[in-house]
1. Anything in the range 148-173 that is aromatic (Phe, Trp, Tyr) and surrounded by fewer than 15 Cβ atoms within 10 Å (Cβ to Cβ)? List them, or say none.
2. Tally time: how many residues in the range 163-175 are farther than 11 Å from Ile149 by Cα and not in a strand (DSSP E or B)?
3. Which residues, taken from the range 139-149, are touching a residue at least 60 places away in the same chain (Cβ under 8 Å) and outside any strand (DSSP E or B)?
4. Can you tell me how many residues in the range 1-51 are buried (at least 20 other Cβ atoms within 10 Å of the Cβ), over 16 Å from Gly77 (Cα atoms) and touching a Gly at 6+ places or on another chain (Cβ under 6 Å)?
5. Do the conditions hold for Pro178, that is, is it out of contact with any Pro (no Cβ under 7 Å at 6 or more places or on another chain) and either modelled with pLDDT of 95 or more or not in a strand (DSSP E or B) (or both)?
6. Tell me, which residue of the range 75-128 that is basic (Lys, Arg) and either in a strand (DSSP E or B) or touching a residue at least 12 places away in the same chain (Cβ under 8 Å) (or both) is farthest from Tyr166 (Cα to Cα)?
7. Of the residues Arg67, Arg49, which is farther than 24 Å from Ala157 by Cα, at pLDDT below 95 and charged (D, E, K, R)?
8. Test Leu75 against the criterion of being surrounded by fewer than 19 Cβ atoms within 10 Å (Cβ to Cβ) and either over 17 Å from the mean Cα position of the chain (by Cα) or of a type outside the set (Asp, Glu) (or both), and give yes or no.
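The values are calculated or read from the model by the stated rules, or taken from the named source; none is laboratory data. As the structure is a prediction and not an experimental result, all values here were calculated from the model. Don't worry about glycine lacking a Cβ; one is built from the backbone with ideal geometry, like all the others, and counts go over all protein chains shown.
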Amino acid sequence: MSTTIRKATIDDAPKLAELMNMAGEGIPAYLWERAAEPGEDVMALGVRRVTRAEGGFSYTNAHVALRDGSIAGMLLGYRLPDPYDTGPLNEIPAVVQPLLALESLAPGSWYVNAVATDSAYRGQGLGRQLMELAEQLASAANAKALSLIVAEQNDLARRLYEKIGYQTIARRPIVQFPGCPHTGDWILMKKDL
């Protein structure tokens, strides 16, 4: 089955929001729900956030994998600042604090913020193809390493990352939130180029 990967466009925002929430283990929807106006649809807010031209969750930082004309997967990534300043962590929602603390340990790396495959296309090698694209983008950005964060209980993803050369660098406890699918730790993984 043929896969085409292209830069995301603003029109991809609805599927990107869905896949970003999936990759983010529900944290995006949790945060969008907290920011939504009374009666506002959470995913509609997520789509609006994705359509912004700036910020980490912007469509401008994403690529989509297409199969049969449909978005089958996505990669969201960018180079982390160096030096990396988290700012005052107590001003950031508690669920995000351990993630930012881990990100700060990989300054200047090309950060795989989110990689996700639609459930209809899992097990077909899309994740690996998107991770290969991440390496190409990291090289083009002159990054010396790639980094990502994964829940330790997400065995399938973690094993893929280990298989393609990522190593565990640090861990921080997951802060629970309503609907949180994991306990244990977030793991920062890094791959040198």
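1. none
2. Looking only at that region, the number is 5.
3. Those that are touching a residue at least 60 places away in the same chain (Cβ under 8 Å) and outside any strand (DSSP E or B): Ala141, Ala143.
4. Count: 1.
5. Here the answer is yes, as Pro178 does meet what is asked.
6. Looking at residues that are basic (Lys, Arg) and either in a strand (DSSP E or B) or touching a residue at least 12 places away in the same chain (Cβ under 8 Å) (or both), I get Arg79.
7. Arg49
8. no
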